[in-house]
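Bear in mind that the values in this text are calculations on the coordinates, not laboratory data. All figures in this text were calculated on a predicted structure; none of them were measured in a lab. We place every Cβ from the backbone using ideal geometry, glycine too, and count neighbours over all the protein chains shown.
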Amino acid sequence: MVSPRLALFTTFSLAVYLGLAVAGAGGPGRFFSHPSLIALTAMTIALGAASMFTEAHIRSGVREDRSNRWVIGALGVLGFVDAYLPAYTDQHDILTFGEEGVRWLGVALFALGGALRLAPVFVLGRRFSGLVAIQPDHRLVTGGIYGVIRHPSYLGLFVNALGWGLAFRAGVGVLIAVLMLLVVFARIESEERLLRETFGADYDIYRARTWRLVPYLY
C-alpha cells in the first residue's frame, strides 16, 4: 500500500525537480521541443511513481551513525542544483557537448541508473533507511546483485545523475554527478564501518568476495 505521506512528498519533489529543469531550459516550449527530454520527463515520473511502492523510510532504527547525516543534506543540495543548472547551460550552450545522440544516451543511463537505484530498495524493504542505521531484525543480504557489489543503489544514484547531465549535453551535469559520487564514498565508508561493527566476521567474509561499486575496479 502506498503511504499517503510518501506519495505527497514524492509528488511535490517531482513537481519541484521538473519545474526547475523546465525553468532552466527557458520554459516548456524550449524544454519539450526535444523528444529526448520528453522521454526524460516520462522516465522521471515513472521512477518517482515506482518509488512510492517501496518501504523506504528515514528512521534511526536500533543503531545509527549520526555523524553521516550531513550526506543527506549534501545530496539534497546537489540534487536540486542538478535539476536546474544542466538545463540552463544547455539553453545557453555553456560547456555543452555532442548532439541528440548524447541526449538519448543520457536518457538510457538515467533509466538504467534509476532502476538500479530502486531495485535494492525493494529487495531490502523496511531495512532500507535514508540514514546509516541498523534496523530491527536487520540481516545481511548477500544474494542477487548483492552477491557481486555491496552498494548497488549508490551505483544507481551515480549512473542516474550522470544520465541526467548527459540528457542536457551538460559538462556541468557530469561534474555534479562526480561530486555526488565523492559524497557517496563518504557514505559508503560510514555504512561499511557500521555493518562491520554489527555483523563482525560474517561481514568480513562477505566483503572479501564482493566489490563496493564496480566489479574489478572498486
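Placing +1 on each Lys and Arg Cβ and -1 on each Asp and Glu Cβ, with no other charges, gives the range 78-156 a dipole about its Cα centre of roughly 640 debye.
Along the positive direction of the dipole of the chain (beta-carbon charges: Lys, Arg +1; Asp, Glu -1; about the Cα centre), which of Met52, Gly19, Ala167 reaches farthest? Selected residue: Met52.
Between Phe128 and Arg5, the contour length at 0.36 nm per residue exceeds the Cα-Cα span by 42.6 nm. For the chain, complete DSSP H runs whose alpha carbons reach 20 Å or more along their own long axis and whose mean Kyte-Doolittle score is -1.0 or higher are 4-24, 35-51, 70-92, 100-124, 152-167, 171-199. Label-to-label distance, Leu140 versus Leu112, with points set 7 angstrom from Cα along the beta-carbon direction: 2.9 nm.
Charge tally around Asp93: other residues with Cβ under 13 Å, Lys/Arg +1 each, Asp/Glu -1 each, net 0.
If you count, for each residue, the other Cβ atoms within 10 Å and average over each peptide, how do 3-12, 153-162 line up from highest to lowest?
Values: 3-12: 12.8, 153-162: 22.5.
With the highest mean Cβ count within 10 Å placed first, the list reads 153-162, 3-12.
Given a Förster radius of 41 Å and the C-beta distance between Val81 and Val148 as r, what FRET efficiency does 1/(1 + (r/R0)^6) yield to the nearest 0.05? According to the calculation, E is roughly 0.80.
Divide by every residue of the chain the summed helix terms, -39500 (n - 2.57) for each DSSP H run of at least 4, and state the resulting mean residue ellipticity at 222 nm, rounded to the nearest 500 deg cm²/dmol.
Only helices count here, giving -22000 deg cm²/dmol.
Would you be so kind as to identify which of Met43, Ile188, Leu112 lies farthest towards the positive end of the dipole of the chain, taking Lys and Arg as +1 and Asp and Glu as -1 on Cβ and the Cα centre as origin? So the residue we want is Ile188. If you take all other residues with their beta carbon under 11 Å from the beta carbon of Arg127, and give Lys and Arg +1 and Asp and Glu -1, the sum is +1.
Within the shell of other residues whose beta carbon sits under 13 angstrom from the beta carbon of Leu155, the net charge comes to +4, with Lys and Arg scored +1 and Asp and Glu -1. Remark: the range 4-208 carries a charge dipole of roughly 400 debye about the Cα centre, counting +1 on each Lys and Arg Cβ and -1 on each Asp and Glu Cβ.
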